[in-house]
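The values are calculated or read from the model by the stated rules, or taken from the named source; none is laboratory data. This structure is a prediction, so every number in the text was calculated from the model and none was measured. Please note: Cβ atoms are built from the backbone with ideal geometry, for glycine as well, and neighbour counts cover all protein chains shown. Only protein heavy atoms, including side chains, enter the accessible area calculation; ligands, DNA and RNA are left aside. Shrake-Rupley method; radii C 1.70, N 1.55, O 1.52, S 1.80 Å.
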Amino acid sequence: MQPIYIDNSATTPCRPEVLEAMEPYLQGRFGNASSIHAIGREARQALDAARAHVAQLIGCESKEVYFAPCGTMANNVALLGRARFIEANGLPKRLLISAIEHSSILGPAQFLGANGFKLDFIRNDKHGLIDLDHLQDLLRDPCGMVSIMWANNEIGTVQPIAQIAQMIQDASKAQGHDIFLHSDAVQATGKLPIDLSSLGPYVGVHALSLSGHKFGAPKGIGALFVRKLVNLMPIYFGGGQEMGLFPGTEAMSQIVGLGEAARLARLELDDSARVLRSYQSQVMERLATMDGVVITGPQDLAQRLPGHVSFAQANRDGEALVLKSDLKGIAISAGSACHRGIIEPSHVIKALALPEKTAMGAVRMTFGKSNTQDDVTYLLDKLPALLSS
Ligand code: PLP
């Protein structure tokens, strides 16, 4: 039997339509988009079309989309590229991030913290929601940039980004300079509606990262949205592609794949969210009836990614549950991992202030496009035995 894959926040299978769109660019249409001959112009057209699809998915202009090798690189370029601009322009060398950011934000933020920037962490509540009062307090002192993820990979928490963007805009006015706001939307893109247009609700978001393999494109392609007139300085140097932010010959097949996945995600967003919400609520409702199970992240589905379920059990080891589920043909993931021989909860689970013995039992089940109601039924059938011993 093929395992049931309920780990779509880790990665998703490449959609067949995406693979079909990509294939010509691995063979016949092999042109370099910078070449001015017909074969190059054909690649350039495909590049433009893919850029337009990504822009439509997130409600921005095509020229605000820069293709990146992955979500990690998009996050690094956003933070480090803006840091260079901040330094070059004498803006405040202070950065705020949440404590539950992905390592691809934590990493560059800590690097900046060790290299002349002041790094402050914004507190969150026990569901992972940003403490807006604390953010307001932190914004009283001069600040150059803020990065807050749109939705969390481990606990599914969706942040009130529109409200945060408004707060940052107000603080920018009060401080007399632009405070740059970046959001890591790698988990949110393709699952939640995002409208970054100049009249849209998230107009104060200056940069946003996304990654194709989280919504049906292959691994190794992402994009960074940078709002018009917002400055980032390059951190890579080369041939100047993607306006110098991500130089290197464009990975045409990956880019075409991302474009097709974005086109499909936009068309299917509402239907897909409805189905994922149904799977998610069936599992969350069952978990709520089980002794010793604590849901991690918000219980309110409006504050949670569609299809995302995460929970912890006291006195259990999350990794052991992952392995036990694997033996039953169910692929899920844990919120703890082994570091130097010691099993430790992740920094996200730690930031929820759960009792230590519960934090160790954190797991995540994330549904996606490839799941069916039969998968949910199978999981619900196996769940009591999996959680009981
Ligand atoms: N940000 C978040 C929230 C993620 O979940 C991930 C991947 O798991 C990334 C960034 C990194 O994306 P990529 O795998 O494309 O480098």
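In region 283-293, which residue that is more than 24 Å from the chain's Cα centre (by Cα) and part of a helix (DSSP H, G or I) is surrounded by the most Cβ atoms within 10 Å (Cβ to Cβ)? Write out each step before concluding.
Here is the first cut: in region 283-293, the residues more than 24 Å from the chain's Cα centre (by Cα) are 285-293.
Remaining after also requiring part of a helix (DSSP H, G or I): 285-288.
Working: Glu285: 10, Arg286: 17, Leu287: 19, Ala288: 11.
Top of the filtered list is Leu287.
Screening region 1-22 for residues that are surrounded by fewer than 18 Cβ atoms within 10 Å (Cβ to Cβ) and more than 20 Å from Ser211 (Cα to Cα) and picking the one that is farthest from the ligand (Cβ to nearest atom) gives Met1.
Residue check: is Gly200 in contact with a Gly (Cβ under 9 Å, 6 or more places away or on another chain), farther than 27 Å from Asn89 by Cα and buried (at least 17 other Cβ atoms within 10 Å of the Cβ)? No, not satisfied.
Please determine whether any residue of region 62-74 is farther than 16 Å from Gly222 by Cα and either crowded, with 19+ Cβ neighbours inside 10 Å or within 15 Å of the ligand (Cβ to nearest atom) (or both). The answer is no; no qualifying residue exists. Within region 190-209, one or more residues are free of Cβ contacts under 8 Å to residues at least 60 places away in the same chain and either within 16 Å of the ligand (Cβ to nearest atom) or closer than 26 Å to Leu26 by Cα (or both).
Looking at this structure, is Ala273 outside any strand (DSSP E or B) and open to solvent by 50 Å² or more (accessible area, probe 1.4 Å)?
Numbers: outside any strand (DSSP E or B): yes; open to solvent by 50 Å² or more (accessible area, probe 1.4 Å): no.
In short, no.
Does Ile97 satisfy the condition of being in the same structural domain as Gly200 (by TED's automatic domain parsing) and either more than 16 Å from the ligand (Cβ to nearest atom) or within 24 Å of Phe237 (Cβ to Cβ) (or both)? Let's see the steps before the verdict.
Details: in the same structural domain as Gly200 (by TED's automatic domain parsing): yes; either more than 16 Å from the ligand (Cβ to nearest atom) or within 24 Å of Phe237 (Cβ to Cβ) (or both): no.
So Ile97 fails the test.
For the subset of region 100-117 comprising residues that are among the hydrophobic types (A, V, I, L, M, F, W, C) and part of a helix (DSSP H, G or I), which member is nearest to the ligand (Cβ to nearest atom)?
Pass one, region 100-117, residues among the hydrophobic types (A, V, I, L, M, F, W, C): 100, 105-106, 109, 111-112, 114, 117.
From what is left, the residues that are part of a helix (DSSP H, G or I) are 105-106, 109, 111-112.
Working: Ile105: 7, Leu106: 10, Ala109: 13, Phe111: 16, Leu112: 17 Å.
Among them, the one singled out is Ile105.
Residue-by-condition table, conditions (1) of a type in the set (D, E, K, R); (2) open to solvent by 40 Å² or more (accessible area, probe 1.4 Å):
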{"site": "Leu192", "(1), (2)": "no, no"}
{"site": "Leu196", "(1), (2)": "no, no"}
{"site": "His213", "(1), (2)": "no, no"}
{"site": "Ala223", "(1), (2)": "no, no"}
{"site": "Leu229", "(1), (2)": "no, yes"}
{"site": "Leu269", "(1), (2)": "no, no"}
{"site": "Gly297", "(1), (2)": "no, no"}
{"site": "Arg304", "(1), (2)": "yes, no"}
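Could you tell me how many of the residues in region 306-323 are open to solvent by 10 Å² or more (accessible area, probe 1.4 Å) and in contact (Cβ under 8 Å) with a residue 12 or more places away in the chain? Please lay out each step first, then the result.
Looking only at region 306-323, we keep the residues that are open to solvent by 10 Å² or more (accessible area, probe 1.4 Å), and these are 313-317, 319-323.
If we keep only those that are in contact (Cβ under 8 Å) with a residue 12 or more places away in the chain as well, we get 313-317, 319, 321-322.
The number of residues fulfilling the criteria is 8.
Can you spot a residue in region 135-144 that is more than 15 Å from the chain's Cα centre (by Cα) and at positive phi? Looking for residues that are more than 15 Å from the chain's Cα centre (by Cα) and at positive phi, one finds none in region 135-144, hence no. Of the residues that make up region 138-158, is at least one open to solvent by less than 10 Å² (accessible area, probe 1.4 Å), more than 12 Å from the ligand (Cβ to nearest atom), part of a helix (DSSP H, G or I) and not assigned by TED's automatic domain parsing to the domain that holds Gly297? For region 138-158, residues open to solvent by less than 10 Å² (accessible area, probe 1.4 Å), more than 12 Å from the ligand (Cβ to nearest atom), part of a helix (DSSP H, G or I) and not assigned by TED's automatic domain parsing to the domain that holds Gly297: absent.
Based on what the data block shows, is Asp184 more than 16 Å from the ligand (Cβ to nearest atom) and acidic (Asp, Glu)?
No; evaluated as a whole, the condition is false for this residue.
Of all the residues that make up region 242-270, how many are among the aromatic types (Phe, Trp, Tyr) and in a helix (DSSP H, G or I)? It would help to see each step written out before you state the result.
Step one: filter region 242-270 for residues among the aromatic types (Phe, Trp, Tyr), giving 246.
Right, trim to in a helix (DSSP H, G or I) and you get none.
Within region 242-270, residues that are among the aromatic types (Phe, Trp, Tyr) and in a helix (DSSP H, G or I) number 0.
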